[in-house]
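J.: Take this structure first; my questions come after.
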Amino acid sequence: MKKIAILLGMLLITAYGYSQEKQNVEQLVGINAGFSTGYGFSYKAVFRKIALQATVLPIKSDETKYISLGATAFYMLRHEKRFKTFTYLGNHYVSTYKDAEDNIGFGWGLTLGNKVQFSAMAGYAVYDAFDSFGLLPTLETSLFFKL
C-alpha cells in the first residue's frame, strides 16, 4: 500500500514539475469514476500525445476504511480543441479493512469540451489481478476543469 502511494505521489510530482517547465501542457483537476482508473479526485496533465492522470479517494473512520488509488496513462489519437479521442491503460488499487484488489484495464475513449471536459471510456479490465484473471468489459467516466 505504501509503495503504491509513493509511486502515485511521484507520478503527480513528475507530471506537475514537467508541466511547469513546458507552457503547452494542459493541466486539469476534477473527478473520475472507473473500475480500472479509480474513483475520486483527479489531477491530469496532458502533453502533446501523452496524458497522465492520478486519482485518489481516501475514506477512513473507526468502522470504515476505503482507499482508492488510480494511475492512468493516455495516448491521444486525435487532439482537437474541443474533441479528443484516445486509448488508455489504467491501474486501480482498492484497499479496505477486509481486502485489497488491483484492477488493470485498457480501452478507448473520447473527451468533449474545452474549459470543462467530460470523458467517457470503454474497454476491458482484469478485476482483482492479485487473486484471479478474468477479462471483463469496463466503463469509465470523468469530469475535469482546466486550470
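The values are calculated or read from the model by the stated rules, or taken from the named source; none is laboratory data. None of the values given here were measured: they were computed from a predicted structure. Counting neighbours? That spans all protein chains shown, and the Cβs are built from the backbone with ideal geometry, glycine included.
J.: Return the only residue of A54, A71 being among the hydrophobic types (A, V, I, L, M, F, W, C) and in contact with a Lys or Arg (Cβ under 9 Å, 6 or more places away or on another chain). Steps first, please.
T.: Working: A71 fails: in contact with a Lys or Arg (Cβ under 9 Å, 6 or more places away or on another chain).
Answer to the check: A54.
J.: Taking the stretch 48-81, which residues are farther than 21 Å from L143 by Cβ and assigned to a loop (DSSP other than H, G, I, E, B)?
T.: R48, K49, S61, D62, E63, T64
J.: Before we move on, is I13 under 17 Å from G109 (Cα atoms) and either modelled with pLDDT of 55 or more or buried (at least 19 other Cβ atoms within 10 Å of the Cβ) (or both)? Lay out the reasoning, then the answer.
T.: Numbers: under 17 Å from G109 (Cα atoms): no; either modelled with pLDDT of 55 or more or buried (at least 19 other Cβ atoms within 10 Å of the Cβ) (or both): yes.
So I13 fails the test.
J.: Right, another one. What's the number of the only condition in (1) surrounded by fewer than 21 Cβ atoms within 10 Å (Cβ to Cβ); (2) touching a helix residue (DSSP H, G or I) at 6+ places or on another chain (Cβ under 9 Å); (3) under 15 Å from G109 (Cβ atoms) that I67 fails to meet?
T.: (3)
J.: If you go through the stretch 87-138, how many residues are of a type in the set (A, V, I, L, M, F, W, C), surrounded by fewer than 21 Cβ atoms within 10 Å (Cβ to Cβ) and either at pLDDT 95 or above or not in a strand (DSSP E or B) (or both)? I'd like the intermediate steps shown before the answer.
T.: Start the filter on the stretch 87-138 by keeping residues that are of a type in the set (A, V, I, L, M, F, W, C), which leaves 89, 94, 100, 104, 106, 108, 110, 112, 116, 118, 120-122, 125-126, 129-130, 133, 135-136.
Remaining after also requiring surrounded by fewer than 21 Cβ atoms within 10 Å (Cβ to Cβ): 89, 94, 100, 104, 106, 108, 110, 112, 116, 118, 120, 122, 126, 129-130, 133, 135-136.
Among the residues that remain, those that are also either at pLDDT 95 or above or not in a strand (DSSP E or B) (or both) are: 89, 106, 108, 110, 112, 116, 118, 120, 122, 129-130, 133.
Adding up the residues that qualify gives 12.
J.: Which one is nearest to A125 (Cα to Cα) among residues in the stretch 43-64 that are of a type in the set (S, T, Y) and either surrounded by fewer than 24 Cβ atoms within 10 Å (Cβ to Cβ) or at pLDDT below 95 (or both)?
T.: Once the filter is applied, the top-ranked residue is Y43.
J.: What pairs come out if I take residues in the stretch 29-51 that are under 16 Å from M76 (Cβ atoms) and pair them with residues that are among the aliphatic types (A, V, I, L, M) and not in a strand (DSSP E or B) whose C-beta lies under 8 Å away, six or more apart or interchain?
T.: Correct list of pairs: A45/A15; A45/V25; V46/V25; F47/V25.
J.: Given the residues K44, K84, which is the only one that is assigned to a strand (DSSP E or B), among the charged types (D, E, K, R) and touching a Phe, Trp or Tyr at 6+ places or on another chain (Cβ under 7 Å)?
T.: Numbers: K84 fails: touching a Phe, Trp or Tyr at 6+ places or on another chain (Cβ under 7 Å).
Being assigned to a strand (DSSP E or B), among the charged types (D, E, K, R) and touching a Phe, Trp or Tyr at 6+ places or on another chain (Cβ under 7 Å) holds for just one of K44, K84, which is K44.
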